[in-house]
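Chemist: Quick one: the structure is below, and I'll ask about it shortly.
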Amino acid sequence: MARANDGAYFKRSSLFWMLTITLSLGFYTWTVFWPDQVPYASMGPLGSFFQYLVKQHFTVMYYGWWLVWMIHISEAFYSQKLCRDKGVDSQLARSMWFVQTFLFGIASLGLLMKYRPDARLKRH
């Protein structure tokens, strides 16, 4: 759905970033909310590092988790402003940008920021 001529521009984030962000945020959620279930010993040096973070800096990790999601929701709302400014008028396309940016953050927002519409579609 990468059509730009009718105000319905949407481009999906790359699979690499979708998987990377999903797995990273999933693991972060796991370590913050269920730290006793994480198999740190079988993760090698990274496991030791994550265990140290959970034991010594849990409060920072907990508030960091909330900060990450606040940043993602802010980026999602900003994507709506960009859609409006760049002439993406389709409600479906805007909704898809909102959801994708909420889930994948800058990996999605960057695609929308790079988009250069025709001069006649751009709004100020």
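Every read-out reported here was derived from the displayed coordinates using simple, explicitly stated rules and does not represent laboratory data. Keep in mind it's a predicted model, so treat the numbers as computed, not measured. Here Cβ is always computed from backbone atoms with ideal geometry, including for glycine, and neighbour counts include all displayed protein chains.
Chemist: For region 15-114, I need the span (max minus min coordinate) of the C-alpha atoms along each principal axis, in Å, sorted largest to smallest.
Modeler: 51, 26, 19
Chemist: Now for a different question. Choose one of T59, Y40, L82: the residue whose Cα lies farthest towards the positive end of the charge dipole of the chain (beta-carbon charges +1 Lys, Arg; -1 Asp, Glu; about the Cα centre).
Modeler: The listed residue farthest towards the positive side: L82.
Chemist: What is the count of Lys pairs in the chain whose alpha carbons sit under 26 Å apart, if the two are 8 or more places apart or on different chains?
Modeler: Step by step, the pairs that qualify in the chain add up to 9.
Chemist: Here's a follow-up. Pop a pseudo-label 7 angstrom from the Cα along the beta-carbon direction at both S48 and L92 and give the gap in nm to one decimal.
Modeler: 5.4
Chemist: About the Cα centre of region 15-114, what is the dipole size in debye to 20, counting +1 per Lys and Arg Cβ and -1 per Asp and Glu Cβ, all else neutral?
Modeler: 220
Chemist: Tell me the label-point distance for the pair Q37, H57, using the 7 Å Cα-to-Cβ offset, in nm and rounded to one decimal.
Modeler: Placing both labels 7 Å beyond Cα along the Cβ direction yields 2.5 nm.
Chemist: Then there is this: Which residue fluctuates the most in the chain, going by a Gaussian network model with Cα springs under 10 Å, if the choices are M43, M18, M96?
Modeler: In this elastic network of the chain, the residue with the biggest mean-square fluctuation among M43, M18, M96 is M43.
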